[in-house]
Amino acid sequence: MIAATLNRADAFAENVAAFIMRRYPLLARVLFERSRGTLIFTAALVSAIYVGVFLVSVVTAKDMKTIFGSVIGGDFIVFWSAAKELYTGDVVSLYQGDVFQARLQDLFPAPEPYGLFWLYPPTALLFIAPFGALPYLPALFAWMAINLGGFAVFLSKFWRHGAALFFAMFSLAVFQGWVTGQTGFITAILLASAAAFAGPRPVIAGIAAGILTIKPQFGLLIPIAFAAAGCWRAFGVAALTGGALAALSLLVFGPDIWMAFFTAFGEHGARMQSEAFPIQKIISPFGAMMVLGANSSLALGVQGLIALGLAGFVFMVWRKVDDWDIRVMVLCTAAPLATPYALYYELPILIPPLFLLARRAVQTGWLRGEKLALIALWAAPLFLPGELHIPGLSLAFIIAVSAFALCARRAMSALTPMALTLKQAGAPS
């Protein structure tokens, strides 16, 4: 059943690639050309666009507003405003939507409400506090440098291949994480570290998993994976780290802030189910069902069933496959699909597992359609969050589920070694 589903996913990916070739032939020739030089040139071109767009937005900005009407740094205004409040105000009020909206308007006046809220656990405030001590632009540049620099160093530990690293760092998923000023890079590092080091360096894995409680929705499958593989030391360190962070936040901020957090979290859950929420930005099955027109109850039901299936698959792979690359691929691509609340700026989570997949393919050979699918996934975030308007189609979900399908196919090959021989496309081109 799983193998048949993955084969259908392969066929769908190839059909999408064929559509791009027909609709955008010039773009297709650039993106799908298998020449290493062409891929590097494409990444270099995109990198120049990244830097150019950012510099133009900074130079032409007025009162921190770009020519597009958004604040320089995107959602980073949320983190900086929350961090600044630690030094000047009542931190509990961060979780009061109206109060936080007014705070954003005071700091960055705008004709319309931002519609942004502080929804992170109180433990997250411990990590962002230093940014509130800086003026906005220095804080933003420090945030970008730490995120992008840390992500590049982390990827290089997986594969010291200059061209591959360059191509990965200038993917469109990185661009989305960068321009939104969000936490996708941090989440990706923590999740992949928890997965990759659970066996060889369990203390590091446990600390990473514990810190990931600042984005708790992405750690739902980690205990299942650790238990399946018998990584009890990592499990214990994760519990201790998460507990210590929670205790420290109670000591620093008091208990009321946690009650405010849970209240705000519940209110945001209701907002996600409303018509006003930008559902095209969600990469989870819940978002895909909402885009299709399903009501929130049905969408949550489907989300729950898929999450259970993902949990079972992760358990099976981590129990039966003694290959850490495969384990990392499956856990990291399943995590954003297992939670209803995952948005397009979290796509950097998919880069480490796909980076490992590319390394494995170069070493052992590409499976049918694999290279083409990876290149398509590299380019697809260009059309997010909603630039490609096709009724009933959630491109964000398609990207996430396609990444999972590619990694799950590798896992199925590991579970059934004969399948690898049957599907092998031959030597890498």
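The numbers here are math on the coordinates, done by the rules we state, and not lab data. If you're wondering where the values come from, they're calculated on a predicted model, not measured in any experiment. Counting neighbours? That spans all protein chains shown, and the Cβs are built from the backbone with ideal geometry, glycine included.
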In segment 318-353, residue surrounded by the fewest Cβ atoms within 10 Å (Cβ to Cβ) [restricted to those that are part of a helix (DSSP H, G or I) and of a type in the set (Val, Ile, Thr)]: 326
Scan of segment 300-351 for residues that are free of Cβ contacts under 8 Å to residues at least 40 places away in the same chain, within 17 Å of residue 223 (Cβ to Cβ) and of a type in the set (A, V, I, L, M, F, W, C), ordered by number: 308
Report yes if some residue within segment 279-300 is touching a Lys or Arg at 6+ places or on another chain (Cβ under 9 Å) and either among the aliphatic types (A, V, I, L, M) or within 27 Å of residue 177 (Cβ to Cβ) (or both); otherwise report no. yes
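Determine whether residue 200 is surrounded by fewer than 16 Cβ atoms within 10 Å (Cβ to Cβ) and in a helix (DSSP H, G or I).
So residue 200 fails the test.
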If we scan segment 112-121, do we find a residue that is over 16 Å from residue 179 (Cβ atoms) and part of a helix (DSSP H, G or I)? no
Looking only at segment 127-147, count how many residues are buried (at least 16 other Cβ atoms within 10 Å of the Cβ) and in a helix (DSSP H, G or I). 10
Would you check if there is a residue in segment 222-236 being in a helix (DSSP H, G or I), touching a Leu at 6+ places or on another chain (Cβ under 8 Å) and buried (at least 21 other Cβ atoms within 10 Å of the Cβ)? yes
Output the number of residues of segment 73-94 satisfying the condition of being part of a loop (DSSP other than H, G, I, E, B), touching a residue at least 24 places away in the same chain (Cβ under 8 Å) and either crowded, with 20+ Cβ neighbours inside 10 Å or among the small types (Gly, Ala, Ser) (or both). 2
